[in-house]
1. I'd like to verify a number: residues in the range B:27-48 that are at pLDDT below 95 and in a helix (DSSP H, G or I), how many?
2. Of everything in the range A:1-30, what is over 18 Å from residue A:123 (Cβ atoms), within 11 Å of chain B (Cβ to nearest Cβ) and either surrounded by fewer than 19 Cβ atoms within 10 Å (Cβ to Cβ) or out of contact with any helix residue (DSSP H, G or I) (no Cβ under 8 Å at 6 or more places or on another chain) (or both)? Give them in sequence order.
3. If you go through the range B:83-104 one residue at a time, how many are without any contact (Cβ under 8 Å) to a residue 12 or more places away in the chain and assigned to a loop (DSSP other than H, G, I, E, B)?
4. Looking at the structure I just gave you, is residue B:63 closer than 30 Å to residue A:136 by Cβ, away from chain A (no Cβ under 14 Å), in contact (Cβ under 8 Å) with a residue 40 or more places away in the chain and in contact with a strand residue (DSSP E or B) (Cβ under 7 Å, 6 or more places away or on another chain)?
5. Applying the selection to the range A:116-143, what residues are buried (at least 22 other Cβ atoms within 10 Å of the Cβ), within 14 Å of another protein chain (Cβ to nearest Cβ) and modelled with pLDDT under 95?
6. Got a sec? Which of A:282, A:260 is away from chain B (no Cβ under 14 Å), assigned to a helix (DSSP H, G or I) and surrounded by 13 or more Cβ atoms within 10 Å (Cβ to Cβ)?
7. Consider residue A:234 carefully, then state whether it is touching a helix residue (DSSP H, G or I) at 6+ places or on another chain (Cβ under 8 Å), closer than 28 Å to residue A:43 by Cβ and modelled with pLDDT of 85 or more.
8. Please go through (1) more than 14 Å from every other protein chain (Cβ to nearest Cβ); (2) modelled with pLDDT of 85 or more; (3) closer than 30 Å to residue A:199 by Cβ for residue A:149 and return the number of the only condition it doesn't satisfy.
């Protein structure tokens, strides 16, 4: 199949082609950039919700509820579930899909992804995979990832609305005060709210929440297994979306994400050029022997490669 | 930079009953050999299995069958795979299956049947070989 055929099939929602394209992105197949370039004009329409939180808090069950609701509204959905790869073997057990099995039908495209060595709870290919689903006509894309409050908040750079899911008995108040997810979440969900008097927890969290540029972060209590609180959660998601749209905060956020991505791409391209440099090891040796500093070595290499990088880019 | 591509395997137990201890053991062994395993668990219909296999773009579907599900549910999976144009996905079956039925399964396109006592290393080796063959 040539690139045009692939693009047309993706646009028409062919699951097989979509799935294979996602694999090609993950495996960094050659020529993938040509296809992605042709798809890019068709992206930017989907609304993206991120759901993160520690293992076992009930993210998948919550997502089940959300899928059922949005399906009943006739929306086409994409769901991406991210699980960690083993740092030793590189393998992974991707076990989120099984929890969603009862809410799946032809209109819902679910893909399980492994982190494949990427830090922060996300995958290197995530942005392009989101774009494929976006271009294929999914109006809403939900991304589930594991987030341990203090470290895994990369997901905030990929989504429009970020839900942080926690549950009672997760640790004392001091834990909540540490920097991280609590600072960047748009909505905090206390799931399994029946486990304890969750009012204390609500108070403790409220004290640690900042105001996110004029959006007052709501705390929603849910019991996902029986649907309690789900309608309220959906209402809050809608409110946040409306807030972003009416203030045009959404445009600002999406541009910030694009900036972040361009900078990452620059870093990747430069790194790859340097790694391909046959003199790299010699320069490393000079730094090791204290002849030059790492910073100086970096500048030397960039200066040397300035011209070879621009040759790869055809005139725009 | 081209990464080595990962082998993706879907493991499911079609049908209504039984336990999935064996399936979990295999899932862990595949993960330990570097594969990505989409573990779908139990009580699945053939439709759900094939739909998942297509969306997840797996190389292999591993079906764990106990108590006679193999003569109805496995052929149904093969049929739906063909109907959806996804016959390039290889299917392997694990479980207690009479040797006559093993023959029948292979005739409908099942790549291999693994009985009780199979070492997980044999399954890993087999999967790597059929994926390499393409």
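1. Selection size over the range B:27-48: 3.
2. A:14, A:15, A:16, A:30
3. Matching residues across the range B:83-104 total 3.
4. yes
5. A:123
6. Of the residues listed, the single one that is away from chain B (no Cβ under 14 Å), assigned to a helix (DSSP H, G or I) and surrounded by 13 or more Cβ atoms within 10 Å (Cβ to Cβ) is A:260.
7. yes
8. Among (1) more than 14 Å from every other protein chain (Cβ to nearest Cβ); (2) modelled with pLDDT of 85 or more; (3) closer than 30 Å to residue A:199 by Cβ, residue A:149 violates only (2).
The values are calculated or read from the model by the stated rules, or taken from the named source; none is laboratory data. In this text the structure is predicted, and so the values were computed from the model without any measurement. Cβ: placed from backbone, ideal geometry, glycine included. Neighbour counts: every protein chain shown.
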